[in-house]
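To keep things clear, I will list the structure first and then write my remarks on it.
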Amino acid sequence: MQELPRLSFFEMPWGSDYSKNVNTTLAAMFQKTFERIALPEDAIRNIDYNKDARTDGFTFKLRNCYYTAQPISTIAGFKLRIDGEAISPDSISLIVRGARIRVPDAPTINEIWWRFGEVLDVHVEKPGGLQQGSHEMSLTIRMRTVFDYGMRLTDIKKPGVEVSTKRSMKVA
């Protein structure tokens with residue numbers, strides 16, 4: 001990894017490659033952290049959302065690995081695949097301290113913050129849920145930054161950080 005000069009916020013060379021390199025370095029750091037701790041357990045649970053004795057979908061836990069608390073509105077992308085099958089964002093909800101937020105609505109929710117290290121439930125509507133056993137899950141999240149710390153966002157093609165992980169999960 002390229003060694004970057006140690007500069008204070010006020011010494012940052014505006015318009016140079018420095019801000020691009022910082023963003024690349026931060027993205028690599030967040031990627032490693034996400035892979036390591038985003039999924040606090042390897043379990044998926046089938047659930048009955050509406051309590052009608054039929055499995056309506058499944059749920060799993062997800063931890064905020066970003067370096068600070070972020071409003072839910074900073075979630076700019078959420079891609080989920082189970083056994084290679086893409087799951088529509090319209091069928092995914094995030095449960096944050098009891099509030100259920102559909103992924104497509106997340107960019108409009110400024111008043112609910114996802115705290116650093118906080119674990120939320122990801123609910124996926126899928127009639128019948130998943131079959132018992134192991135499933136390959138891949139997850140990609142793009143989060144916009146709330147603060148730019150002196151980096152001009154015009155210097156960065158896609159502001160924010162996109163992280164991915166792939167793991168074998170087991171339906172309990």
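The values are calculated or read from the model by the stated rules, or taken from the named source; none is laboratory data. What you see is a predicted model, and the numbers here were worked out from it, not measured in a lab. Quick reminder, even Gly has a Cβ in these numbers, built from the backbone with ideal geometry, and neighbours come from all protein chains shown.
Every residue in the range 75-98 that is outside any strand (DSSP E or B), in contact with a Lys or Arg (Cβ under 9 Å, 6 or more places away or on another chain) and among the polar types (S, T, N, Q), please.
SER91
Failed condition for ALA69, given (1) touching a helix residue (DSSP H, G or I) at 6+ places or on another chain (Cβ under 9 Å); (2) of a type outside the set (Phe, Trp, Tyr); (3) at pLDDT below 90; (4) within 21 Å of ARG36 (Cα to Cα), with all others met?
So ALA69 meets the others, but not (1).
Would you check if there is a residue in the range 133-154 being part of a loop (DSSP other than H, G, I, E, B), of a type outside the set (Asp, Glu), at pLDDT 70 or above and surrounded by fewer than 13 Cβ atoms within 10 Å (Cβ to Cβ)?
Checked against the condition, which is being part of a loop (DSSP other than H, G, I, E, B), of a type outside the set (Asp, Glu), at pLDDT 70 or above and surrounded by fewer than 13 Cβ atoms within 10 Å (Cβ to Cβ), the range 133-154 yields no hits at all.
Taking SER93 and the conditions (1) at pLDDT below 90; (2) surrounded by 14 or more Cβ atoms within 10 Å (Cβ to Cβ); (3) among the hydroxyl-bearing types (Ser, Thr, Tyr), which numbered condition does it fall short on, given that it satisfies the others?
Unmet for SER93, out of (1) at pLDDT below 90; (2) surrounded by 14 or more Cβ atoms within 10 Å (Cβ to Cβ); (3) among the hydroxyl-bearing types (Ser, Thr, Tyr): (1).
May I ask you to list the residues in the range 45-74 that are of a type in the set (Gly, Ala, Ser) and either in contact with a Ser or Thr (Cβ under 7 Å, 6 or more places away or on another chain) or part of a strand (DSSP E or B) (or both)? If you could, list the steps in order and put the result at the bottom.
First, the residues of the range 45-74 that are of a type in the set (Gly, Ala, Ser): 53, 57, 69, 73.
Scanning the range 45-74 gives GLY57, SER73.
When the residues of the range 99-125 are filtered to those that are part of a loop (DSSP other than H, G, I, E, B) and either touching a Pro at 6+ places or on another chain (Cβ under 8 Å) or at pLDDT 95 or above (or both), which remaining residue is surrounded by the most Cβ atoms within 10 Å (Cβ to Cβ)?
First pass over the range 99-125, keeping only residues part of a loop (DSSP other than H, G, I, E, B): 109-112, 115-118.
Checking the rest, the ones that are also either touching a Pro at 6+ places or on another chain (Cβ under 8 Å) or at pLDDT 95 or above (or both) come to 109-112.
Numbers: ILE109: 19, ASN110: 10, GLU111: 8, ILE112: 14.
That would be ILE109.
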